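The values are calculated or read from the model by the stated rules, or taken from the named source; none is laboratory data. Since we're looking at a predicted model, the values are computed, not measured. Cβ sites come from the backbone with ideal geometry, for glycine too, and all protein chains shown count toward neighbours.
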Number of protein chains: 4
Amino acid sequence: MYKTKPTHDCPMPAEGMTIRALVLNGSLKHHGTLSNTEELAGEVLGHMRRMGPVESEIIRLSDRNIPVGLEFREGDGDDWPAIVEKIKAADVVIFATPIWWGGRSSLMQRVIERLDSLDEEYIASGRSALYNKVAGIVITGSEDGAQAVLGSIMEVLTFMCFTLPPECCAYWVGEVGKPVAEETASRRMNQATKHMAMNLGRNLMFYSGLLKMHPLTVNA
Amino acid sequence: MYKTKPTHDCPMPAEGMTIRALVLNGSLKHHGTLSNTEELAGEVLGHMRRMGPVESEIIRLSDRNIPVGLEFREGDGDDWPAIVEKIKAADVVIFATPIWWGGRSSLMQRVIERLDSLDEEYIASGRSALYNKVAGIVITGSEDGAQAVLGSIMEVLTFMCFTLPPECCAYWVGEVGKPVAEETASRRMNQATKHMAMNLGRNLMFYSGLLKMHPLTVNA
Amino acid sequence: MYKTKPTHDCPMPAEGMTIRALVLNGSLKHHGTLSNTEELAGEVLGHMRRMGPVESEIIRLSDRNIPVGLEFREGDGDDWPAIVEKIKAADVVIFATPIWWGGRSSLMQRVIERLDSLDEEYIASGRSALYNKVAGIVITGSEDGAQAVLGSIMEVLTFMCFTLPPECCAYWVGEVGKPVAEETASRRMNQATKHMAMNLGRNLMFYSGLLKMHPLTVNA
Amino acid sequence: MYKTKPTHDCPMPAEGMTIRALVLNGSLKHHGTLSNTEELAGEVLGHMRRMGPVESEIIRLSDRNIPVGLEFREGDGDDWPAIVEKIKAADVVIFATPIWWGGRSSLMQRVIERLDSLDEEYIASGRSALYNKVAGIVITGSEDGAQAVLGSIMEVLTFMCFTLPPECCAYWVGEVGKPVAEETASRRMNQATKHMAMNLGRNLMFYSGLLKMHPLTVNA
């Protein structure tokens, strides 16, 4: 089980490198409503910035049109291909999701289903577009499911060729049966969650910096 | 997510039937040390008794010798065959386990591995010895993993031919990062956990009574 | 692990009772394209019919409009409330889903998210609208994930108050790395999958018949 | 889902570095019996050796005495503390396990439970003994569960501070219901599994070499 840990900085592999970070937020709530998941992802971005320059963007998936389907592009209004361009341009991708009944949200699941076409590209070429990118995971839920959701996302990301640093996740879950209205306040005060956010931010910066300097280069 | 629910009784399918209940406790702690899992399982047994006569036994697996292996009997001192006899004699079997790093305990996993030989018996004969038995599940963990552990046990039990009543589980998990020393007290006060124990006890009695009166009888 | 088992019939609890069955198919494919999941669910319905009269309907979720959200009704074109009416009218609900990267499909996850409002109703009233309904689960995937997806759905359904009969699932998964083009043929020939469909059909009929005759009735 | 992919080498971060690799094999079978999991782990070690010097050891956990418990040392004959020394000395640790009913084996679960005391050490000091170590995972099962078991191990290892390279796993699972007697032959011929072993070997070498040259150094 996760327990509160002291946190410390580490020197970056190189000075002054700008890291591009993309957050994909699978919250079921639309823009304008507080997303606990997004707030925690924002905290991680803040810790990244303490270590060096970061360019970041957060996409709230509930406000995009990402239709169900197996193709790279599913019809005219499909927002997915533009999101893929952003993923390809990023050094760090943070997969952020609430937990619903023990699973990643339907929007995060949709992202994973649509990423399948990128994986097909790798199968054909032998070179994944996602090597040397570092993934982080952010999860919030009422009372349970963080580790299961975490594992279920990690196993996808590793075969998609992302690198997973130590302590690749920041999460919050409360005690079973507590009032939903108190969740945000409890999460904001939780020391274990704060430390996870700090370690995740630090490790995303270190590993993405390291892989920018020393990428794994697959020969054809 | 689970939330506190009001609970109500229901009439039993028949009066006066004695239900035999067996608890397999996969706690890592030995006899003489408080097992949160066992205490919660005991609460479930208490609710069963409110509805009718119950004969019960709790086996703490950490105090038995259940060696690793694929055979029905693994050497001379193997306690497993005697446990199988108790399972076969029971109407209700409660699988109780703590959560360790998101998974059922190694002792509960051992039970599942050893149950595999019973499943082989079913494959050979077409009649499972476990039809018409009702299973309950009890889970306690520091902060996460109850639903994942629950699902991972349910999927085994259904193919072992147990019947799973509604609300087949009572669990407790706390907020991430809280002191281990406070767990027992928090669990004892948790209303959601109390209601789960009540509903589980009631439903185990109703379904086991119903199946004793109207068993599924598989023709050869 | 699941192995091929002989199957046998059992007498129904009562003659001539009509069972209403609803299949929710979470395939990513639209109407007109072969859904492996739907074909297997259809086989289960066929086995149900061997035991007695069945009225059934299959809903392909990819062709319905089920928006993301937390409300019972999410705007005007929302198809969800009509689906809830069908669930409430059914004796048996079959949750059918393909596996995508180890998880239930985004459409099945959406169903679970939207069912949450029904659960809220139970929290308020103490009487679930889903007591005495029996659930079956049908899963198909290329090579892996059936048991994990099964468990992850079972744990939701039990807290939603469905009854889960023994052998509550029929699934097919192939060997890792085999051509997608051969999946349908392999599945159709698989003896283990055939027996699971048979046992699932039989058990759904027996348990739904039994609960229609002897429902669990919760006092207020 | 995993599909067969072409594989290519990559240059090592530095020439001539010796990588120390430890395999923890959670097979239920004892020494002298073929372990599918061990054979596949051996293949991964072979691919590592193609890229540079490797010192390796395989521990078959079923032949060691690793008692249940929460302490670092559980009595006199406890083999666990000596295993911890080997883990601390390794650059690469491969966690190898069969699948039993959808879960990691009871022996792999025991390892994870016993690793908990190392995690406590980290909580106290703020410096994990496992930073800069790279983990690989090897899984074999009859027909299902590889991705779920993979995720469930990854989520533990990341919080234990292991680094998880891209494609951190090699696994084999067969089609549901096929004869156990044919598993070894099918696994040995499976192209997807072969490619996973190749990529895993390559990536373990690249990442462990990279972290030996450029370790993440946590300040006190």
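Tell me whether region D:121-135 contains one or more residues that are among the basic types (Lys, Arg) and part of a loop (DSSP other than H, G, I, E, B). Yes. Whenever a residue of region C:119-134 is more than 26 Å from C:Met205 (Cα to Cα) and more than 9 Å from every other protein chain (Cβ to nearest Cβ), its partners that are surrounded by 20 or more Cβ atoms within 10 Å (Cβ to Cβ) and among the hydroxyl-bearing types (Ser, Thr, Tyr), lying with C-beta atoms within less than 9 angstrom and at least six residues away or across chains, give the pairs C:Glu121/C:Ser128. Residues that are farther than 15 Å from A:Asp91 by Cα and outside any helix (DSSP H, G or I) within region A:186-220 comprise A:Asn190, A:Thr217, A:Val218, A:Asn219, A:Ala220, listed in sequence order. For first residues located in region C:186-205 and within 13 Å of chain D (Cβ to nearest Cβ) and crowded, with 24+ Cβ neighbours inside 10 Å, partners that are in a helix (DSSP H, G or I) and among the charged types (D, E, K, R) and lie 6+ apart or on another chain with Cβ distances below 6 Å form the pairs C:Ala197/C:Glu43. When B:Val111 is tested against (1) of a type outside the set (Asp, Glu); (2) closer than 18 Å to D:Arg110 by Cβ; (3) not in a helix (DSSP H, G or I), only condition (3) is not met. Does D:Arg110 count as within 14 Å of chain C (Cβ to nearest Cβ), under 30 Å from D:Asp144 (Cβ atoms) and either touching a Phe, Trp or Tyr at 6+ places or on another chain (Cβ under 6 Å) or crowded, with 23+ Cβ neighbours inside 10 Å (or both)? Taking the combined requirement at face value, the residue does not satisfy it. Suppose the filter is modelled with pLDDT of 95 or more and at negative phi; does D:Ala14 pass it? In short, no. Within the option set D:Trp80, D:Trp100, being away from chain A (no Cβ under 14 Å), surrounded by 24 or more Cβ atoms within 10 Å (Cβ to Cβ) and farther than 30 Å from D:Phe206 by Cβ holds for one residue only, D:Trp100.
The number of residues in region C:170-182 being outside any loop (DSSP other than H, G, I, E, B) and surrounded by fewer than 19 Cβ atoms within 10 Å (Cβ to Cβ) comes to 3.
The single condition from (1) among the acidic types (Asp, Glu); (2) assigned to a loop (DSSP other than H, G, I, E, B); (3) closer than 30 Å to C:Asp116 by Cβ that A:Glu39 fails is (2). Condition test on C:Glu55, is it loosely packed, with under 14 Cβ neighbours inside 10 Å and more than 26 Å from A:Val149 (Cα to Cα)? Here the answer is yes, as C:Glu55 does meet what is asked. Just one of the listed residues (C:Gly42, C:Gly69) is surrounded by fewer than 23 Cβ atoms within 10 Å (Cβ to Cβ), away from chain B (no Cβ under 14 Å) and touching an Asp or Glu at 6+ places or on another chain (Cβ under 9 Å), namely C:Gly69.
Just one of the listed residues (C:Ala192, C:Ala148, C:Ala135) is touching a helix residue (DSSP H, G or I) at 6+ places or on another chain (Cβ under 6 Å) and over 22 Å from B:Val134 (Cβ atoms), namely C:Ala148.
Does region A:61-81 contain any residue that is assigned to a strand (DSSP E or B), at pLDDT 95 or above and either farther than 22 Å from C:Arg110 by Cα or not acidic (Asp, Glu) (or both)? Looking for residues that are assigned to a strand (DSSP E or B), at pLDDT 95 or above and either farther than 22 Å from C:Arg110 by Cα or not acidic (Asp, Glu) (or both), one finds none in region A:61-81, hence no. Scanning region B:34-74 for residues that are within 28 Å of B:Ala14 (Cβ to Cβ) and over 17 Å from the mean Cα position of the chain (by Cα) returns B:Arg50, B:Met51, B:Gly52, B:Pro53. Among residues that are more than 8 Å from chain C (Cβ to nearest Cβ) and within 21 Å of C:Val138 (Cα to Cα), B:Leu157 is included.
Given the criteria surrounded by fewer than 24 Cβ atoms within 10 Å (Cβ to Cβ) and within 14 Å of chain D (Cβ to nearest Cβ), does C:Lys212 qualify? No: the conditions fail for C:Lys212.
One residue alone among B:Glu175, B:Glu167, B:Glu182 is charged (D, E, K, R) and at the interface with chain A (Cβ under 9 Å from one of its Cβ atoms), and that residue is B:Glu175. Regarding A:His31, is this residue surrounded by 19 or more Cβ atoms within 10 Å (Cβ to Cβ), over 13 Å from the mean Cα position of the chain (by Cα), of a type outside the set (Val, Ile, Thr) and farther than 28 Å from C:His30 by Cβ? The answer is no for A:His31. Scanning region C:13-27 for residues that are part of a loop (DSSP other than H, G, I, E, B) and surrounded by fewer than 23 Cβ atoms within 10 Å (Cβ to Cβ) yields C:Pro13, C:Ala14, C:Glu15, C:Gly16, C:Met17, C:Thr18.
When D:Leu61, D:Leu34, D:Leu24 are checked against the criterion of being away from chain A (no Cβ under 14 Å) and out of contact with any Leu (no Cβ under 8 Å at 6 or more places or on another chain), D:Leu34 stands alone in meeting it. Within the option set A:Glu167, A:Glu155, being crowded, with 24+ Cβ neighbours inside 10 Å and in a loop (DSSP other than H, G, I, E, B) holds for one residue only, A:Glu167.
Can we say A:Ala90 is over 22 Å from C:Ile112 (Cα atoms) and among the small types (Gly, Ala, Ser)? Here the answer is yes, as A:Ala90 does meet what is asked. Of the residues D:Val149, D:Val138, D:Val92, which is surrounded by 24 or more Cβ atoms within 10 Å (Cβ to Cβ), touching a strand residue (DSSP E or B) at 6+ places or on another chain (Cβ under 7 Å) and over 22 Å from A:Val149 (Cα atoms)? Exactly one residue qualifies, and that residue is D:Val92.
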